[in-house]
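Below: one structure, written as structure tokens.
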Amino acid sequence: MLSRMLIAALAFFAVAAQASHGSLAAVVVITGVTVVHPEREGAAVLEPDSTVIIHGDRIDAIVHGAIELTQGAKVIDGRGKWLVPGLVDAHVHFFQSGNLYTRPDAADFNAVVPYAQEVARNKARLDATFKVWLANGVTGVVDIGGPFWNFDMRDRAAVTAAAPRVAVAGPLLSMIEDPPLDLGDPPIIRIDTVEAGLALVKRELERNPDYIKVWFIYQPGDDVAAHEAIVKAAGDAAHAAGKKLAVHATELVVAKAALRAGADYLVHSVFDEPVDQEFIDLAKHNHVIYCPTLFVEESYELALSNQWRATPEELKRADPQILAAMDDLNEIPADRIPPRVAKWMAAAKPVAPPAIGMQNLRKLRDAGITIVMGTDAGNIGTLHGPSIYREMRLMQESGMTPLEILRAATTNGALVLGKPKDLGVVEAGRLADLVLLDADPLADSGNLAKVNRVIKNGVVYDPGELMKSLP
Ligand SMILES: [Zn+2]
């Protein structure tokens, strides 16, 4: 706790600094707020009646009691509100929109909207998608695989104020090909040999990726050892260049192979069978980060059987273009609906969350594995932005506490973004990426949807205004 004298000095510094730096180094002061420290335990998590001083892009100080600021600072009344670090969605894809037309390999709607048109739309819509993320309190995202233009997307986000921070992977090294997604710059590239894998890693390293990503698909009868050798060679090359290895591995047999091959980041749950001690030991050995993505499978089933319904958060803070398209199955003539989809629609089977994935999450949480929050946004039915609330609801149903979920979505998210020293914690010296909430996120993680203001890089945004500004 700082003395009153020091507080006065800080306030003076804040005003003086603004005078010398002009409006670029703005001063923002949030008064009387309850600061939440997700990295802590027990009573230390909450720091009530705090005043947070932000100078330019960083947090200057957190002080207690009243301070006097006569001029220059933008003052936000934080009484009755909670301040948390900006959220991170650790698993998204900007080349996908979440609508029905975005994965022709799963449901071929080319006769309704050509896939090339859909991807061109997503590219042209990036600035709006960035704003949607911010409006949902997400100040950082990890795009964990897409076409080579993913790197241009990261560059664009870096020079756009109203955008989350973006870490990125390029095209996925895959065990299988995926021709419906190949428009000339494919997001998924089949790799059959160690040499071919190393060549692709080399091409990607030229663009300075944050991750090398492998799509470790498993089909019964596969030579898992041969595939593991490819993943290991790719991982070794990534590590030699100071990059991390991210792996999609949803079956226990390939998730273990991925860990043996050196995976740093498992981007999905193990969904097919309970994780065992061998898996936990491998995960601990690698200090792996585990992203459960509990909603995404359900989202395909809901959307393609026409049972997807928008949540209140989606009605408020999803891209309205995508939201409108989620009703398209009611409009598309029957002869243009893919036969598989028509069958799902007719059956309209009840859709349930992934029971094994949820049990595994609890088990890995208990084992002390680092968990992050990630949605796989962009997949059909998993909309950029408000899908985080669906995901966190399932994490809570799995047995994680609101504090653990908040930690997964902030402090641990900063690890996946590669900025653990700068983000994920509310303290002096950190970058000012913050979310001001109208309700207590420790009472219910659903309260993370009650976003009052979002602060990215020291700039304050009103979520409603961000949504209104979408073209
Ligand atoms: Zn994904």
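The values are calculated or read from the model by the stated rules, or taken from the named source; none is laboratory data. All values derive from a computational prediction rather than experimental measurement. Cβ coordinates were reconstructed from backbone atoms using ideal geometry, including for glycine residues, and neighbour counts include every protein chain displayed. These accessible areas exclude ligands, DNA and RNA; they are computed on the full protein's heavy atoms, side chains included. Shrake-Rupley method; radii C 1.70, N 1.55, O 1.52, S 1.80 Å.
Details
- Subset of segment 328-339 [in contact with a helix residue (DSSP H, G or I) (Cβ under 8 Å, 6 or more places away or on another chain) and loosely packed, with under 15 Cβ neighbours inside 10 Å]: Ala334
- For segment 288-327, filtering for residues that are closer than 28 Å to Glu465 by Cα, of a type outside the set (A, V, I, L, M, F, W, C) and open to solvent by 40 Å² or more (accessible area, probe 1.4 Å) leaves 6.
- Residue count for segment 276-287 satisfying the condition of being surrounded by fewer than 23 Cβ atoms within 10 Å (Cβ to Cβ) and either in contact (Cβ under 8 Å) with a residue 40 or more places away in the chain or not in a helix (DSSP H, G or I) (or both): 4.
- Any chance Leu406 is open to solvent by 30 Å² or more (accessible area, probe 1.4 Å) and out of contact with any Lys or Arg (no Cβ under 6 Å at 6 or more places or on another chain): no
- Taking segment 50-98 as the range and being part of a loop (DSSP other than H, G, I, E, B) and within 16 Å of the ligand (Cβ to nearest atom) as the test, the residues that pass are His93, Phe94, Phe95, Gln96, Ser97, Gly98.
- Boolean, Pro147 is modelled with pLDDT of 95 or more and farther than 26 Å from Ala249 by Cβ: no
- Per-region count, segment 418-471, residues surrounded by fewer than 17 Cβ atoms within 10 Å (Cβ to Cβ) and part of a helix (DSSP H, G or I): 4
- In the set (1) away from the ligand (no atom under 16 Å from the Cβ); (2) of a type outside the set (S, T, N, Q); (3) closer than 21 Å to Pro274 by Cβ; (4) part of a loop (DSSP other than H, G, I, E, B), Leu294 fails one condition alone, (1).
- Condition met for Ala408 (among the hydrophobic types (A, V, I, L, M, F, W, C) and assigned to a loop (DSSP other than H, G, I, E, B)): no
Matching residues to (1) touching a strand residue (DSSP E or B) at 6+ places or on another chain (Cβ under 7 Å); (2) within 16 Å of the ligand (Cβ to nearest atom); (3) over 25 Å from Pro179 (Cβ atoms):
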| site | (1), (2), (3) |
| --- | --- |
| Tyr115 | no, no, no |
| Asn122 | no, yes, no |
| Thr129 | no, yes, yes |
| Ile144 | yes, yes, no |
| Val168 | yes, yes, no |
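- Top-ranked residue of segment 146-166 - restricted to ones that are surrounded by fewer than 22 Cβ atoms within 10 Å (Cβ to Cβ) and β-branched (Val, Ile, Thr), ranked as nearest to the ligand (Cβ to nearest atom): Thr160
- Flag if Ile280 is of a type in the set (A, V, I, L, M), over 20 Å from Ser174 (Cα atoms) and within 16 Å of the ligand (Cβ to nearest atom): no
- Residue among Ala342, Ala263, Ala257, Ala249 that is farther than 30 Å from Gly464 by Cβ, surrounded by 23 or more Cβ atoms within 10 Å (Cβ to Cβ) and away from the ligand (no atom under 16 Å from the Cβ): Ala257
- Taken over segment 345-362, residues that are part of a helix (DSSP H, G or I) and either open to solvent by 90 Å² or more (accessible area, probe 1.4 Å) or within 30 Å of Asp335 (Cα to Cα) (or both) amount to 5.
- Flag for Ala106 being within 16 Å of the ligand (Cβ to nearest atom), at pLDDT 95 or above and in a loop (DSSP other than H, G, I, E, B): yes
Results for (1) under 17 Å from Val36 (Cα atoms); (2) buried (at least 19 other Cβ atoms within 10 Å of the Cβ); (3) under 21 Å from the mean Cα position of the chain (by Cα), shown as yes or no for each residue.
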site: Asp60; (1), (2), (3): yes, yes, no
site: His64; (1), (2), (3): yes, no, no
site: Gly72; (1), (2), (3): no, no, no
site: Gly80; (1), (2), (3): yes, no, no
site: Val84; (1), (2), (3): yes, yes, yes
site: Leu87; (1), (2), (3): yes, yes, yes
site: His91; (1), (2), (3): no, yes, yes
site: Phe95; (1), (2), (3): no, yes, yes
site: Gly98; (1), (2), (3): no, yes, yes
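- Of all residues in segment 176-188 being within 15 Å of the ligand (Cβ to nearest atom) and touching a Phe, Trp or Tyr at 6+ places or on another chain (Cβ under 7 Å), the one that is farthest from Ala229 (Cα to Cα): Pro187
- In segment 117-145, of all residues being of a type in the set (Val, Ile, Thr) and in contact with a His (Cβ under 8 Å, 6 or more places away or on another chain), the one that is most open to solvent (accessible area, probe 1.4 Å) corresponds to Thr129.
- Figure legend. Inter-residue proximity from segment 238-256: first residues part of a loop (DSSP other than H, G, I, E, B) and basic (Lys, Arg), second residues open to solvent by 20 Å² or more (accessible area, probe 1.4 Å) and within 15 Å of the ligand (Cβ to nearest atom), beta-carbon distance below 8 Å, spacing 6+ or different chains. Indicated pairs: Lys243/Asp210.
- Residue identified as modelled with pLDDT of 95 or more and within 22 Å of the chain's Cα centre (by Cα) among Leu200, Leu172: Leu172
- Restricting segment 365-391 to residues that are of a type in the set (Ser, Thr, Tyr) and within 13 Å of the ligand (Cβ to nearest atom), the residue that is nearest to Ala324 (Cα to Cα): Thr382
- Candidate set from segment 372-399 (those that are of a type in the set (A, V, I, L, M) and open to solvent by less than 10 Å² (accessible area, probe 1.4 Å)); member that is farthest from the chain's Cα centre (by Cα): Ile380
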